[in-house]
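Below is one structure; the comments refer to it alone.
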Amino acid sequence: MSEERIHDLVIVGAGPAALTAAIYTTREDIDTVIYEKGVVGGLAAVTDIIDNYPGFSEGVRGLELADSLRKQAERFGAVINLGEVLAIKNQGKHKLLDTTDGDILAKTILIATGCDYKKTGVPGESEFYALGVHYCATCDGAFYRDKKLVVIGGGNSAVQESIFLTRFATHIDLLVRSTIKASDILQRELQSYIDSGKITVHLGVSPKEIVGDEQGVNKVVATNDQGEEVIFNTDGVFVFIGLKPNTSFLQSSLVSLDKFGFINTDANLETNIKGVFAAGDVRSGATMQIASASGEGATAALKIREYLEGRLHNPKIAELEVIP
């Protein structure tokens, strides 16, 4: 493989963490190539309105924010390839990436593939995504002021988000496949909302189909543990059954993952393999917020620069220069 094919940095993923990192690295003249197999902007791009990203007092459309980040990264010279990284192999000084465009070499890699929401898999879920089916209460809850909602899930996230959604919805039907698995503290808090009539918990109930029309979702068809069909009329559905990190391509790479499949990193956002970094929602311990993902992207970019300059693992050299 020729020397000119060896990039300074290859970023896997093109969400807020990745694009922010690319803005920083390309401004430092670090040759940066991005690979994205799905949508540039990640989950942020398919979020209707983002209301909690700093600097946008009236909120910003997810696609608009993603497009702005993309344009900014490209303006400084980042190259975005719509392709998939199938595997990463450590070759010491260089890293080999097996991609749908063929093998490429990089001096450093930033993994910023983010997460995907776990899906119920029932009919209507994908068809009505963002048209009545949602996975983020803080992003989309305000659209359901004075309306009825169905929440699916029984863990901490489902209970927390159900409580949050009571700020907007008149009533919430919480569908729990088996039993509530949230912490005792959350269950005690939930009980007060049950007592007030804001939330009704349905144990042993599993969704079977999400139904709607051109206006959006209007009901959820479910079955109880007796096998009986139950109908819940609703204006929207929020699914909180967990997040799945996009790390399946790392299974043979020896990159350290935690028990949930998220990437372990040190304080420098570097993985157990020198020169391979991770940032954003795919990283173990991430806060799953767009603003913090962008911040981690900037931090990773600065650490990657230090690595390329030979300073990251040489404290004596690092002490001689203050990062501007």
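The region of the chain that goes longest without hitting one of the trypsin sites (Lys or Arg not before Pro) in a DSSP loop, each with at most 15 other Cβ atoms within 10 Å, is 1-92. Averaging Cα coordinates gives a centre for the stretch 212-264 and one for the stretch 168-182; these two points are 14 Å apart.
Please label the shape of the stretch 133-239 as rounded, prolate or oblate, based on the square roots a ≥ b ≥ c of the eigenvalues of the alpha-carbon gyration tensor (a/c under 1.5 means rounded; beyond that, a/b larger than b/c means prolate, else oblate). It comes out oblate by the Cα gyration axes. Report, in deg cm²/dmol and to the nearest 500, the calculated mean residue ellipticity at 222 nm for the chain, where each DSSP H run with n ≥ 4 adds -39500 (n - 2.57) and the sum is divided by the residue count. That comes out to -7000 deg cm²/dmol. Here's how it looks for residue 236: its modeled amide H is under 5 Å from those of 150, which are all 5 or more places away or on a different chain. Of the residues 127, 306, 229, the one with the fewest other Cβ atoms within 10 Å heads the list, and the complete ranking is 229, 127, 306.
Our coupling estimate for the stretch 86-91, obtained by passing each phi through the Karplus curve with A = 6.51, B = -1.76, C = 1.60 and θ = phi - 60°, is 8, 6, 10, 10, 8, 10 Hz, Gly and Pro reported as x. Taking the number of Cβ atoms within 10 Å of each Cβ as an exposure proxy, the fewest-first ranking of 173, 101, 146 is 146, 101, 173. Look at (1) 59, 43, 42; (2) 64, 39, 39; (3) 63, 50, 37: the one that is Cα extents along the principal axes in Å derived from this structure is (2).
By the Cβ-Cβ criterion of under 4.7 Å, the unpaired cysteines of the chain are 115.
Of the GluC sites (Glu not before Pro) in the stretch 153-219, the ones in a loop by DSSP (not H, G, I, E or B) with at most 13 other beta carbons within 10 Å are 214. Per-residue Cβ neighbour counts within 10 Å put 269, 149, 308 in the sequence 308, 269, 149, beginning with the fewest.
Values in this text are rule-based calculations from the coordinates and carry no lab data. Here the structure is a predicted model, which is why all the values come from computation and not from measurement. Cβ: placed from backbone, ideal geometry, glycine included. Neighbour counts: every protein chain shown.
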